[in-house]
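For reference, the structure discussed in these notes is given below.
The values are calculated or read from the model by the stated rules, or taken from the named source; none is laboratory data. Quick caveat, the model's predicted, so the values are computed rather than measured. Cβ placement follows ideal geometry from the backbone for every residue including glycine, while neighbour counts extend to all protein chains displayed.
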Amino acid sequence: MFAEKVIELLKEAERNPDTIDPFNDEKIRQILEEMHLLFKMNMNDANATNENKSLWTTVQVRHSALERNKRCLLAYLYDRMKKIKTLRWEFGSVLPPDVRELLSDEEYQWFSKYSTNLASYMRSLGQDIGYSGIDLTENLKPPKSLYIEVLCMADHGKLELEDGDVITLKRNSRHFLPTAECQTLIRQGVLKQIV
Amino acid sequence: MFIEDLRNDFYNVLLGNRVLLLVHYDVDAICTCKILQGLFKCDNISYTLVPVGGVSELKTAYEENNEEIKFVVLVNCGGTIDLVDILQPEEDVVFFVLDSHKPTDICNVYSDGQVRLVYKDTEENIPNFDDIFRDDDEEEEEPEGSGLEALEATVEKRRARRAWEERRHTLMFNYTQFSYYGKPSACVALNLAWLISRCGWPALWAASVAAASHVALHARAPAQCLLDTDTLHRHIAGGQHADATKITSCRVVLEKDVWLPLYRSWSVEAALRHSPAIGPHLKLHTLAGAARLRQLLADMGFPLQQARQAYRSMDVELRRCLLSALEAAAPKHKLPAPSRAAFILQRPHAPPRPAHDIVYAILGLIEHENMSKGEGFQHALASLDTEGVSDSARLGLEAAQRSLEAVTRLVNATLSGRRLHLAGPFSYFIVQEGTPEARFVRGPLWLGVAARWASSACGGTRPLLASAPVDDNNCLLLGVPPRFDQEPRNLFGAAFEQAARKSGASVSLELLDASVVTLPTAQRPQFLDALTALLA
């Protein structure tokens, strides 16, 4: 009673400030129940004792508890929203299933909307100067160099770059390529970065 | 076509384009490549680097990578062959050739823009355009006129044409008679780096190694070597001044140093025994050779025990006086001057590294007994790094020691076993297949070291041929001119070509150094016979 549950909820959420917890359905349901209860009791008392002003203090206390619950819940949701926003920048438009499970349905809806918005914004960037958009999520920090030197470790065949150039990846040939293009191949072990 | 302005006509053209970099397997090329890579990295010129070993490899490398490529830079390859004819490129592909192999193919010289030679050597006597090429279409037009006059005019024209053809033939013969090396490509690349103000220590170091390689491998006459490094000396001296206050970073210095290979990572005795400059003069293949070496060490005042242990754990006093002791003792044994001005890389918290050790290390890596050439090439590039810790240099130094030991063993066994045969105008030796040393001299570079060693052990007045097995059926044949240390122009390139024609042997002239050929082992005797007949 009186906003104890909601404080518990916030404390739980605060324990992991960097990661997102599963959406706490159960607790939120309990808090909403508590709020309903408080509201109902207030209604009863307010209607029943129109004349008797001795109960007003009680009503007031209940009302502030109600409002506190509301504020805390909003804070909880807002905090999660901020975290979901960063998820979009970290994971891209498709969430891995284990992260997806942590979100509630409404939150996921919001995520998809945000994702679409962001994508259409990024597409619109630079259209006036002939680019078809810029992927803002690619380099969140300024890269040290746009190109890196890589050594080809295996015969991989042809690789088409974004600008249309085609290069042949053959064992023991060296290439100086845009960083973004080689990341996946480096992860696959076809290329090796030379530092 | 030669490039006049290194910066505007070469480098600025490459800016912003994809470049295909084809690099030959030799020390100079690897150093040049290192300098160019540094420049390309700064300017975000994306490139593809493929090492090539011969003409056919050059062809496949070009065919595999020519998609969307408009600019090809060839380092130490392609200058001596007609590129347009061999590679059949598209019209708009431009080749920049930086090749120290000479003579340059005449078609490359007079190509109108497709093949651009980056550096013009003043030593080359390139025949004039009019003496070599002639419009044949004009010839076909029969002059109209009365019978006799027309006939006379035709005859006159034919005679002029014959005379011109003869003259062309002589000119071309004189021009292509010798194969030799020009200024190290790395010196040209260094010049470029300096022009665009990016001449740092890594570039200077790479150029120093290239210059040292031309000295160590006798690619150029000593005087020319000195002239080549002129700009290098100046840049190093200039850098010294700027860096005088801080020794926190690495730098290259020019110092008088003992001209022994790898002695800093070896022992003094081993370095003396395996040094291509001193070893032949000690005549180690003879019974007296070992005694002479001990005598030399005694004259230097080095106890055997000290001389045989690793240089770095030798007595400090002895280490300090090595140079003066060797200089004092050398004349007594009729040894050549054992000291030279050497480029040394000084690094903080690491032992100094002389450039000519790295030359041998690179040789050891690209012609490693087990490693493939391509892998060795990558290691060789890494061994030129001035900073950071890499295993490549250590790997190379170890390989070089093993190879030098093998070369010494091989030459000593050949000479003491009287297997250096005399065949008319030249002498030759053949490395038998199956001997433990054969593995080490599969490549032209180490075989060249062995051949020059044998040549100078015999006085060096006769040309010398060396042959070693490459695989089961083929063998390598390499020629060393007489007095190679003074006049390294090599006549064997043209001679091999003619002998091949006469003997009908299926000789592959595919290596870029014309004085090295591969041929089937079965046809070797008949080829040598033809060569004897030709040169006699």
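Summary of computed values
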read-out: The lone exception for B:Asn44 - which of (1) in a loop (DSSP other than H, G, I, E, B); (2) of a type outside the set (Gly, Ala, Ser); (3) within 16 Å of the chain's Cα centre (by Cα); (4) within 14 Å of another protein chain (Cβ to nearest Cβ) it fails; value: (3)
read-out: Candidate set: the stretch A:148-170, residues that are within 17 Å of B:Gly374 (Cα to Cα), free of Cβ contacts under 8 Å to residues at least 24 places away in the same chain and more than 7 Å from chain B (Cβ to nearest Cβ); chosen: the one nearest to the chain's Cα centre (by Cα); value: A:Leu169
read-out: Qualifying position, being under 25 Å from B:Ile45 (Cβ atoms), at the interface with chain B (Cβ under 10 Å from one of its Cβ atoms) and buried (at least 16 other Cβ atoms within 10 Å of the Cβ), among A:Ser173, A:Ser145; value: A:Ser173
read-out: Residue satisfying all of: in the stretch B:459-480; in contact with a Leu (Cβ under 6 Å, 6 or more places away or on another chain) and not aliphatic (A, V, I, L, M); nearest to B:Leu534 (Cα to Cα) among these; value: B:Gly479
read-out: Which listed residue, of B:Leu397, B:Leu410, is modelled with pLDDT of 90 or more and under 30 Å from B:Pro351 (Cα atoms); value: B:Leu397
read-out: Selected residue (criterion: surrounded by the fewest Cβ atoms within 10 Å (Cβ to Cβ)) from residues of the stretch B:147-201 that are of a type in the set (D, E, K, R) and within 30 Å of B:Asp26 (Cα to Cα); value: B:Arg198
read-out: Residue that is within 30 Å of A:Met122 (Cα to Cα), among the acidic types (Asp, Glu) and without any contact (Cβ under 8 Å) to a residue 24 or more places away in the chain, where the choices are A:Glu26, A:Glu12, A:Glu106; value: A:Glu106
read-out: Sole residue being free of Cβ contacts under 8 Å to residues at least 60 places away in the same chain, crowded, with 20+ Cβ neighbours inside 10 Å and of a type in the set (A, V, I, L, M), chosen from B:Ala438, B:Ala457, B:Ala450, B:Ala400; value: B:Ala450
read-out: The listed residue being in contact with a helix residue (DSSP H, G or I) (Cβ under 7 Å, 6 or more places away or on another chain), among the hydrophobic types (A, V, I, L, M, F, W, C) and under 22 Å from B:Glu269 (Cβ atoms), out of B:Ala406, B:Ala423, B:Ala457; value: B:Ala457
read-out: Residues within the stretch B:319-359 that are in contact (Cβ under 8 Å) with a residue 24 or more places away in the chain and not in a loop (DSSP other than H, G, I, E, B), tallied; value: 23
read-out: Residues that are touching a helix residue (DSSP H, G or I) at 6+ places or on another chain (Cβ under 7 Å) and either buried (at least 17 other Cβ atoms within 10 Å of the Cβ) or not assigned by TED's automatic domain parsing to the domain that holds A:Leu38 (or both), drawn from the stretch A:73-90; value: A:Leu73, A:Tyr76, A:Arg80, A:Ile84, A:Leu87, A:Arg88
read-out: Single condition B:Leu74 does not satisfy, out of (1) within 22 Å of the chain's Cα centre (by Cα); (2) more than 15 Å from A:Thr168 (Cα to Cα); (3) within 12 Å of another protein chain (Cβ to nearest Cβ); (4) not β-branched (Val, Ile, Thr); value: (3)
read-out: Conditions (1) in contact (Cβ under 8 Å) with a residue 12 or more places away in the chain; (2) more than 14 Å from chain A (Cβ to nearest Cβ); (3) over 21 Å from B:Asp513 (Cβ atoms); number of the one not met by B:Val431; value: (3)
